1. Among the residues of the stretch 79-116, which ones are within 17 Å of LEU15 (Cα to Cα) and aromatic (Phe, Trp, Tyr)?
2. Among the numbered conditions (1) open to solvent by less than 10 Å² (accessible area, probe 1.4 Å); (2) out of contact with any Ser or Thr (no Cβ under 8 Å at 6 or more places or on another chain); (3) of a type outside the set (Asp, Glu); (4) within 21 Å of TYR179 (Cα to Cα), tell me where ALA120 comes up short.
3. Can LEU274 be described as open to solvent by 50 Å² or more (accessible area, probe 1.4 Å) and either on the phi < 0 side of the Ramachandran plot or of a type outside the set (A, V, I, L, M) (or both)?
4. Are there any pairs with C-beta distances below 7 angstrom linking a residue in the stretch 198-215 that is free of Cβ contacts under 8 Å to residues at least 24 places away in the same chain to a residue that is open to solvent by 50 Å² or more (accessible area, probe 1.4 Å) and of a type in the set (A, V, I, L, M, F, W, C), with the two at least 6 apart or on different chains, and if so which?
5. Among the residues in the stretch 332-341, are any closer than 22 Å to PHE190 by Cα, in a helix (DSSP H, G or I), at pLDDT 95 or above and under 18 Å from the mean Cα position of the chain (by Cα)?
6. What number of residues in the stretch 146-179 are more than 17 Å from CYS127 (Cα to Cα) and open to solvent by less than 10 Å² (accessible area, probe 1.4 Å)?
Amino acid sequence: MLQIDPRTPPPSFALFQLGFRPFFSGAALFGITAVGLWMATYVFGRHASPPALPPVVWHGHEMVFGYAMAVVAGFLLTAVSNWTGQPSLKGPSLAVTFALWLGARVAFYVPGNGLWLAAAADLAFLCALLYGVARPVLRVRQWKQVGILAKLMLMLAASASFYAGALGYLAEGIQWGLYGGLYLILALVFMMARRVVPFFIERGVDEDFVPRNRRWLDIASLFGVLVWAVFEVFLPGQTMVIGLLSLPLFCMHALRLVDWHTPGIWRKPLLWSLFLGYGALVAGFGLRVLSVWGEVSPFIALHAFAYGGIGMMTLGMMSRVALGHTGRNVFSPPPAIRWFLGLLAAGALSRVLLPLLDGAHYTLWIGLSQTLWMLAFAHFALIYLPMLARPRVDGRPG
């Protein structure tokens, strides 16, 4: 066990002590910045997105490979140490990995060769992340984590595909890269939700409750999402098949929500945020069915997955992980947490539900959802950035 010399004071700046610190900080600040730039472009016509890419392509790419990948990196680089008992990236190696991620976000705005610079930085970041997660896993031969490593390798391939398309070397590269990256993030969210959400619920509610997990459902949903994603990415014209695949996925994941529900979660913001996020993923499958056999735009379903599902799940997870890994009590979070999680939930409704009810004011609802997103993440940043930059309150390393 690591021994702490009581004579050595902890560092006053701990941002690069563990992966969640810089990457959760970066995700929060970039989440505000990227959506603000997209709002300026989409709602106000100011063309604030970089000239290297069409605005909607840049928006999609940066929310997947910028915001979401920062959360994934912070979570995995932190969790892999707990899973394996081995150290992950920290100090200078973590700082360099974070700098690569940040450099890719900025490089799009560099005149001339900005796209090449962004590609180099993004691919180098994903390689460093893969190394940081794979090294401790392979060192202790923890083969049950191979699925995560495979998804990270596929994220690297999706990123390479996107840049090959953006640079003119692969005709379908942008489509494959963007949607491949999005659905790989979804797959990671489903995997991690299955691992931690039932555990959090069982430990977090005041009543005695054991969430039910069905083995057949775990296997069927895993392979179902895989087949569905292949059609969505590579065969998007097969809408009938996509609809037929989306329907059972809706039913299976809805059943999982039923199995995990207990009234006590609604008194705990760190639980209801995850439950609502998972519910948005379920709604995404249902809306995808309606986009095939109804009048719903497939982009409404996409934003149920992205804004409602990934947005709520990632903000809820960052809120809990940051408390636990800075030595704070996850069962007694700051009261303000309910407000920024509530703002994001309202934003998801504005982005998904209100356009369905009142399509005549579509741009208004998009602008409202963007505003609520930025307010939620600004509130999170105000509370959490000091925690993320300072040492643990219990004096332990990490």
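1. PHE98, TRP101
2. With (1) open to solvent by less than 10 Å² (accessible area, probe 1.4 Å); (2) out of contact with any Ser or Thr (no Cβ under 8 Å at 6 or more places or on another chain); (3) of a type outside the set (Asp, Glu); (4) within 21 Å of TYR179 (Cα to Cα) applied to ALA120, the lone miss is (1).
3. no
4. Partner pairs satisfying both residue conditions: GLU202/VAL210.
5. Yes, the stretch 332-341 has at least one match.
6. Qualifying residue count, the stretch 146-179: 1.
One line per residue, one yes/no per condition, for (1) touching a Ser or Thr at 6+ places or on another chain (Cβ under 8 Å); (2) among the hydroxyl-bearing types (Ser, Thr, Tyr); (3) in a helix (DSSP H, G or I); (4) over 28 Å from LEU341 (Cβ atoms):
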position: ILE185; (1), (2), (3), (4): no, no, yes, no
position: MET191; (1), (2), (3), (4): no, no, yes, no
position: ARG194; (1), (2), (3), (4): no, no, yes, no
position: ALA220; (1), (2), (3), (4): no, no, yes, yes
position: VAL227; (1), (2), (3), (4): no, no, yes, yes
position: LEU245; (1), (2), (3), (4): no, no, yes, yes
position: SER273; (1), (2), (3), (4): yes, yes, yes, no
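Every residue, every condition in (1) of a type in the set (D, E, K, R); (2) touching a residue at least 40 places away in the same chain (Cβ under 8 Å), yes or no:
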| position | (1), (2) |
| --- | --- |
| GLY327 | no, yes |
| PHE331 | no, yes |
| ARG351 | yes, yes |
| TYR362 | no, no |
| LEU388 | no, yes |
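The values are calculated or read from the model by the stated rules, or taken from the named source; none is laboratory data. Keep in mind that what you see is a predicted model, and the values were worked out from it rather than measured. Positions of Cβ are generated from backbone atoms using ideal geometry, with glycine treated the same way; all protein chains shown enter the neighbour counts. All accessible areas refer to the heavy atoms of the entire protein, side chains included, with ligands and DNA or RNA removed. Shrake-Rupley method; radii C 1.70, N 1.55, O 1.52, S 1.80 Å.
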